[in-house]
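Notes to accompany the following structure.
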Amino acid sequence: MAKSRQQFVSEDASPTSARSREGDGPTRWSEYLTPEVNSPATSSSWKPVSSEGQTQEFGRSQKGLNMHSIVQLTEVAEGLLAKMYWLNQILGYPDPVSHVFSEEFWKAGVIPNHPKICLLVSKKFPEHPSKLQLERIDKLALDAVHDNAEVYFQSLEPWVTLLLDLMSFREQALRLILDLSSTVITLLVLEAVGPIIFLSTDTKKLRNEGFLSPFHPRYPDILTNSAHPMRAQDLANVTYYREWVLFGYLVCPDELLRVTSIDIALVVLKENLVLTLFRDEHILLHEDYQLHVLPRILESKKMAKSGRAKQKEADLEYSVAKQVEKMISEVHEQALISCDVIHRERRILLKQEIGRMVLFFTDQPSLLAPNIQMVFSALALVQCEIIWYFQHVGIASSKSKTVRVVSVEIDPSDPTIGYLLDGMDRLCCLVRKYIAAIRGYALSYLSSCAGRIRFLLGTPGMVALDLDATLKGLFQQMVQRLENIPKPHGENISGITCNLSDLRKDWLSILMMVTSSRSSINIRHLEKATISTGKEGLLSEGNAAYIWSRCVDELESQLSKHGSLKRLYFYHHHLTAVFRNTMFGPEGRPQHCCAWLGVASSFPDCASMIVLEEVTKIGRDAVLYVESLIESIMGGLEGLVNILDSEGGFGMLDSQLLPEKAAIHMNYATKFSTPSAKSPKGYAGLPLPGQESFPENNNSIKMLEAAMQRLTNLCSVLNDMEPICVLNHVFVLREYMRECILGNFRRRLLAVLKTDNDLQRPSVMEALIHRHISIVHLAEQHISMDLTQGIREVLLTETFSGPVSSLHLFEKAVDQQNGSAIEAVCNWYIENIIKDVSGAGILFAPIHQCFRSTRPVGGYFAESVTDLRELKAFIRIFGGYGIDRIDRMMKEHTAALLNCIDIALRSNREALEAAAGAMLSGDRIERENNLKQIVDMDTAVGFCIQAGQAVAFDLLLAKAAGAVLEEGAPLIFSLLSGVANHLPDGVPEKAEVKRLRWVANSVGVVCDHDAEWVRSILEDVGSANDGSWNLLPYLFAAFMTSHVWNTTAFNVETGGFNNNIHCLARCINAVIAGSEFVRLEREQQQKESVSNENANESLEPEMQSRLLPEANIKSTMQLFVKCSSGIILDSWSENNRSHLVAKLIFLDQLCELSPYLPRSTLETHVPYSILRSIYSQYYSNNPSTQLALLSPSPRQSPIVSLAHASPSFKQNFGDSTPQASSHDSGYFKASQSQEQLYDAYNGNTHTSDNNKKRDTRRSGPLDYSSSRKVKYVEGSTSASMGPSPLPRFAVSRSGPLLYK
């Protein structure tokens, strides 16, 4: 089609030249025609037209008209308009009148980007550029235009060719219009369609007389409505009738001067503000009528006024012209006020009718085929209303009198749009479902129609008309085609194929002949000749045959014509906005989202194949539209879930109060129990359980019910929705819904981890997660997929921290990504509980088996997040991977602390060796001098205390893990407990045995958890591998000279010290035991490696028993106690004894804690009479002593002695009540044995075998009778905490304090 530049330059672009190009014949318009239209059989109509307008095709009959010319010309017009539309988009819709051009115009590359000279040429057009002296305006730009002329010509060539095509098309169109005007009665037909237009605007009549109802409006029991069959099918084309009226009177204003034209024009003008030209391009209707029609009417009025005295008809013309002038002047104001109201009322009517229609045909599908024309009419009316709605969004029209721009108020939250879209979608689905039945009914109707038409042709009236041979032949040919239609006899209707296009061509040829002004027989003659039979006339039967024939071979195209909303693509931005405003509004329905999404499937049909760029753009925009709507739908789904998961949702129905809220309610009930008391404002936000049933809270319950109903409906709709196909993209809403629900659950999981202040309590976190999961399970009942598995995957993803090292043999990745949730929680515990970076005074309370703080850590005290209940909730949330992650983080932290011990041993090796020799020889002065040479002792003590805190926290975590495992899988817990007692004792341990021991230790069923945990750390980091670790007991003994003891005080309520130094005892026990196991195992491995190198064949390695390292550990621990006792007692003096009490209690706790130290160990160095005196001072006068004793607590033998020996304790024992705690509570009985009390104090989980081992060291100085008395020195003082609670319990220096 496009020519080269040389051809373009040499060719004259005059209209005469354009006409000369018509000789190209069919090839000229081949680009604009589809393959069906551009066939050799039909292209003959585009042969050159002679000057008289006679063609070979028209020569077939002077009364006939070639319909192919109209069809082809229409399709060529569509292609030309598509090209112009694309050019406008490229150029950014320039304004050639005001010469305003956007930045896009110059960047498009169509026009040279030289604004000065181009604007001048545009303003001076059509003056020739050579006369404009452009070199004076911008010589550089002009030179650039000359230099790049070839490039500019190439870019302009396709658009210049388009201009030539438009010129040629104009000539062809004018000839066709002239021929139609001379042969067909055209504008008079406007009056014929008037009744249909009036009917379409009469909402009351449509409703009352049931034009769109499948059942009779007055007799609902009658399942068919045949009252207005023809009118109903005519409504399907009323949109085209309205456009015809608006265009007709705009182009031919004189036709408005007919008396009957005013009412038709008034009705149509009153409910429209714009007139669509092509796609979304439109004109302002009333402005153009006032600009083009009104002057012509005024001219006619003036002429009629001047001729009123001469002619009587002029008076009537003047009156009509005056009425038309008034109508055009006033209808604009009426339209601005009433057009939206009219169409809103019509949308409400269509919403009701189409809803009833869907229900009726779903229940009675056999009646769909007889009423298919009514269905098409309903679809066409709904289509018209939806497109009108979006056409008028954002339209601004100027009032003629005030010249003021007024925007049309279109409600963007109109819920009827969703109902109409949904009704159209469901009706189209019903038609497609029963398409075979509709075709079968249409074939049966056409078969019966043949006999009726033949009968009508033989009536006396038709015989009297004396039809000419051509017309009679067309009637006979039409009857033969009807008689030759296949008869359906129960066989598969879908297998019947027939093309009835020739039948329709015959009937159209008949209509064109009888509507021609040259024909002797017109359409009214045919109607009058056959209407006297009392049945439908020939014209009605022919029209019905034409319409029903399209239900046979063009049913899909009919459905696409009336039910397609592809034009909404050009308003898809408004479409998205209205969807968001209406979908989840008060009257929105979740099931409507299917229709909103389904619209996008037809968007690509808007693209013209002539403009390939347009195909890509529209396809991309359609995909983006679907993605935007899906995002909105999923946002609404997420919002519904979050509404139910809020404190005003299911949280309001939760009858369980947190302990803090319960305490506040109890205080409130106590203080304000009297009616006269005024309730404080602070308690208004704490609703009592059961208040949701009060009448004033009905609205909240209704809101919950509505949210639940919408959630379940939306899930059901999205689950059943068919995939949305847009080009090569397939959108499966079910998968989007799954990702949305699981993604929202993940975000909710991360959100509940933290409060406004800090970490959320694990128990509260667990409750919130369970609440959200219950909502997901509610939605899962309406979804055909397993969301529970997805929830597990989300929890696993947020918890996963690599393979569980104790169970998997493969190596962990170095850059293993951890779940963000478990990472946040574990970091919080490490930073705030283990390291105490916030300085909250974190203390480990052995009695309560939790950590405590002197001030809140974030929003809670430390005991609120570290007791057994909270740790169990943590484990239930994050499972084994969560335990593994926090355990690994604590191991990393503890490994760094243990490395400090290694550094201290290496750097102070000489001083420790000298001090060890002095301790063994009993040289006190030498020992003290060497101990003073140890550097950074206080720092090392602090690191060991932190390590002890980590060991204590891991023990709590192991207990919680064991409790959860015993609750959830008691058989596995029992198996691990049994396995832990029967693991082989060989050293070195095999890998399988080591892993089993680690698993058992992680759930707290191993005898010495602390030692095994530190052992695993030392093995991982390769520490304790040189001789300096032999000095470990002397380093720990040297800690007794640290300045830390100067501020240390024992706390009766927690069973520990005020500076956490009791955690040092755990560190000492664990490090000594763990390092000894590691040292012996490495020695054994070295021996095996040496023996394997020397041996010719591999031998079974010799295994050592665990009894050897346990004996070494016992010996090392006893050495530490001995050295520490000596340092403690030697450092005591009359002037400085404040540290003595704390150190003695510390050693007593170590002996009680360590499974490797018999109870008699400390008796050898410090008589227990001294310890009893110390504990007596602490516990006898402490107000909370009884409560502390009655709760299950770690093993604390001095307390038991006091229970037997202290009169003050016995005095109030009977009236005491047990203290509530996070663990099991019970009463403490005086007759309880000492061994049970020891077990209660220790708090460790021991097996029966372990108890037997501990029984071997039950005898000792604590085994006193209940009659033993403790003598107190007069004037002694005691307190729960203090720098020196030790009294002067010895009057002479010859007592046990001088023991060495």
For this session: Could you name every one of the helices (runs of 4 or more DSSP H) located completely within the range 425-533 that has at least 2 residues being in contact (Cβ under 8 Å) with a residue 60 or more places away in the chain and within 30 Å of MET721 (Cβ to Cβ)?
Result: 435-457
Seminar exercise, completed: Scanning the range 133-183 for residues that are aliphatic (A, V, I, L, M), over 30 Å from SER519 (Cβ atoms) and open to solvent by 60 Å² or more (accessible area, probe 1.4 Å) gives ILE137, LEU140, VAL151, LEU163
For this session: Those residues that are free of Cβ contacts under 8 Å to residues at least 40 places away in the same chain and of a type in the set (A, V, I, L, M), I need them from the range 817-856; list them, please.
Result: VAL837, ALA840
For this session: Kindly establish whether ASP1026 is modelled with pLDDT under 90 and in contact with a Lys or Arg (Cβ under 7 Å, 6 or more places away or on another chain).
Result: no
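Conditions (1) basic (Lys, Arg); (2) open to solvent by 20 Å² or more (accessible area, probe 1.4 Å); (3) under 22 Å from VAL1071 (Cβ atoms), marked per residue:
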{"residue": "LEU912", "(1), (2), (3)": "no, no, yes"}
{"residue": "ALA915", "(1), (2), (3)": "no, no, yes"}
{"residue": "SER921", "(1), (2), (3)": "no, yes, no"}
{"residue": "ILE925", "(1), (2), (3)": "no, yes, no"}
{"residue": "LEU931", "(1), (2), (3)": "no, no, yes"}
{"residue": "ASP936", "(1), (2), (3)": "no, yes, yes"}
{"residue": "PHE953", "(1), (2), (3)": "no, no, yes"}
{"residue": "LYS959", "(1), (2), (3)": "yes, yes, yes"}
{"residue": "GLY968", "(1), (2), (3)": "no, yes, no"}
Exercise. If you check GLU722 against the conditions, is it at pLDDT 75 or above and in a loop (DSSP other than H, G, I, E, B)?
Worked result: yes
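Filtering the range 974-1031 down to residues that are part of a helix (DSSP H, G or I) and of a type in the set (Val, Ile, Thr), which residue is most open to solvent (accessible area, probe 1.4 Å)?
VAL1021
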Problem set entry | Tally of residues being in contact with an Asp or Glu (Cβ under 7 Å, 6 or more places away or on another chain) and surrounded by fewer than 17 Cβ atoms within 10 Å (Cβ to Cβ) across the range 87-124 | 2
Exercise. Does MET666 satisfy the criteria of being farther than 30 Å from CYS429 by Cα, at pLDDT 60 or above, open to solvent by 40 Å² or more (accessible area, probe 1.4 Å) and of a type outside the set (Asp, Glu)?
Worked result: yes
Seminar exercise, completed: Within the range 728-779, restricting to residues that are surrounded by fewer than 16 Cβ atoms within 10 Å (Cβ to Cβ) and of a type in the set (A, V, I, L, M, F, W, C), the one that is farthest from LEU795 (Cα to Cα) is VAL730
Exercise. Of all residues in the range 141-164, which are closer than 20 Å to TRP86 by Cβ and within 51 Å of the chain's Cα centre (by Cα)?
Worked result: TYR152, GLN154, SER155, LEU156, GLU157, PRO158, TRP159, VAL160, THR161, LEU162, LEU163
Seminar exercise, completed: Exactly one of LYS932, LYS959, LYS990 is among the basic types (Lys, Arg) and modelled with pLDDT of 90 or more, and that one is LYS959
Exercise. Which of the following residues is surrounded by fewer than 16 Cβ atoms within 10 Å (Cβ to Cβ), part of a helix (DSSP H, G or I) and either modelled with pLDDT under 90 or of a type in the set (A, V, I, L, M, F, W, C) (or both): ILE354, ILE387, ILE337?
Worked result: ILE337
For this session: May I ask you to verify whether SER560 is more than 29 Å from GLU631 (Cα to Cα) and loosely packed, with under 15 Cβ neighbours inside 10 Å?
Result: no
For this session: List every residue pair whose Cβ atoms sit under 6 Å apart, with the two residues 6 or more apart in sequence or on different chains, where the first one lies in the range 776-801 and is farther than 17 Å from ILE883 by Cβ and the second, anywhere, is open to solvent by 30 Å² or more (accessible area, probe 1.4 Å).
Result: HIS782/SER716; MET785/ARG738; LEU787/GLU780; VAL794/ARG746
Problem set entry | Considering residues of the range 341-351 that are open to solvent by 30 Å² or more (accessible area, probe 1.4 Å) and hydrophobic (A, V, I, L, M, F, W, C) only, the residue nearest to the chain's Cα centre (by Cα) | ILE348
Exercise. Among the residues of the range 565-613, which ones are in a helix (DSSP H, G or I) and open to solvent by 40 Å² or more (accessible area, probe 1.4 Å)?
Worked result: LYS566, ARG567, HIS573, HIS574, ALA577, ARG580, ASN581, GLN591, SER601, ASP605, LEU612, GLU613
Seminar exercise, completed: Residue set GLU75, GLU127; condition closer than 24 Å to ASP165 by Cβ and either open to solvent by 40 Å² or more (accessible area, probe 1.4 Å) or modelled with pLDDT of 80 or more (or both); output residue GLU75
Seminar exercise, completed: Here the qualifying pairs (Cβ atoms under 9 Å; residues six or more apart or on different chains; first in the range 235-251 and within 13 Å of ALA380 (Cα to Cα); second among the aromatic types (Phe, Trp, Tyr) and buried (at least 19 other Cβ atoms within 10 Å of the Cβ)) come out as LEU235/PHE211; LEU235/PHE376; ALA236/PHE376
Seminar exercise, completed: Within the range 357-377, of all residues that are surrounded by fewer than 17 Cβ atoms within 10 Å (Cβ to Cβ) and among the hydroxyl-bearing types (Ser, Thr, Tyr), the one farthest from the chain's Cα centre (by Cα) is SER366
Exercise. Being over 30 Å from TRP828 (Cβ atoms), among the aromatic types (Phe, Trp, Tyr) and touching a residue at least 24 places away in the same chain (Cβ under 8 Å), is that true of even one residue in the range 735-746?
Worked result: yes
For this session: Given the conditions (1) part of a helix (DSSP H, G or I); (2) farther than 24 Å from MET889 by Cβ; (3) modelled with pLDDT under 90; (4) more than 17 Å from the chain's Cα centre (by Cα), report the number of the one that HIS770 does not fulfil.
Result: (3)
Exercise. GLU811: more than 30 Å from THR854 (Cα to Cα), among the acidic types (Asp, Glu), surrounded by fewer than 20 Cβ atoms within 10 Å (Cβ to Cβ) and modelled with pLDDT of 85 or more, yes or no?
Worked result: no
Problem set entry | Test for LYS702: is it charged (D, E, K, R), farther than 29 Å from ARG792 by Cα, open to solvent by 20 Å² or more (accessible area, probe 1.4 Å) and at pLDDT below 70 | no
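The values are calculated or read from the model by the stated rules, or taken from the named source; none is laboratory data. Only a predicted model underlies this, so the values are computations on that prediction, with no experimental measurement involved. Positions of Cβ are backbone-derived with ideal geometry, glycine not excepted, and every protein chain shown enters the neighbour counts. When the accessible area is computed, the model is the full protein with side chains, heavy atoms only, and any ligands, DNA or RNA have been set aside. Shrake-Rupley method; radii C 1.70, N 1.55, O 1.52, S 1.80 Å.
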